[in-house]
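Contents: one structure, followed by commentary.
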Amino acid sequence: MKTIVILFAISFVAVLGHREWTEEERKQFEEYKESCISESGVDRNAVAKRGETDENDEKINCFRTCLLKKYGTLNADGEFNVEVARVNLAKYEASEEKIEEVINACKDVTGTGCEKGRNVFKCLMQFKDHHHDTHLD
């Protein structure tokens, strides 16, 4: 399965390790990023700020939701897809214990539309912040 969840690259790298992207992963991310910028109408400068953005910025939240859906972390209905998340997390060479910890922390996050994407992203970022000393190198 070639799908890589770029959200993990954006927000989990500090948690799960610093594996280099393949050229294919970079190209896929650029395609999805451009598509999601267009869909959400977000300012690309805001996208570049990564985690430093206003969590109430609807366009940023829709951009993040779009990426989550492109990579299958959220399905078309906006539900967290545990199996896809597990497969993609494994590509970052995290231990099974770490993968389950991340999934259990964020799989039941609620919200509707772009709010759901914001809340999932926020959960993942909080997880990263609270577990910064356990990342894999």
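Looking only at the range 26-57, filter to residues that are under 22 Å from Thr112 (Cβ atoms) and not in a helix (DSSP H, G or I); which one of those is modelled with the lowest pLDDT?
Top of the filtered list is Thr53.
Being surrounded by 17 or more Cβ atoms within 10 Å (Cβ to Cβ) and either of a type in the set (A, V, I, L, M, F, W, C) or in contact with a helix residue (DSSP H, G or I) (Cβ under 7 Å, 6 or more places away or on another chain) (or both) is the filter here; which residues of the range 79-102 pass it?
Phe80, Val84, Ala85, Asn88, Leu89, Tyr92, Ala94, Lys98, Ile99, Val102
Within the range 3-24, is even one residue at pLDDT 85 or above and within 15 Å of the chain's Cα centre (by Cα)?
The answer is no, given that none of the residues of the range 3-24 is at pLDDT 85 or above and within 15 Å of the chain's Cα centre (by Cα).
Are any residues in the range 75-88 in contact with a Gly (Cβ under 7 Å, 6 or more places away or on another chain) and under 22 Å from Lys27 (Cβ atoms), and if so, which ones?
Listed by number, the list holds a single entry, Val84.
Against the conditions (1) farther than 16 Å from Ile37 by Cα; (2) in contact with a helix residue (DSSP H, G or I) (Cβ under 9 Å, 6 or more places away or on another chain); (3) of a type outside the set (S, T, N, Q), where does Asp108 fall short? Just the number, please.
(2)
The values are calculated or read from the model by the stated rules, or taken from the named source; none is laboratory data. What you see is a predicted model, and the numbers here were worked out from it, not measured in a lab. Glycine also receives a Cβ, built like all others from the backbone with ideal geometry; neighbour counts cover every protein chain displayed.
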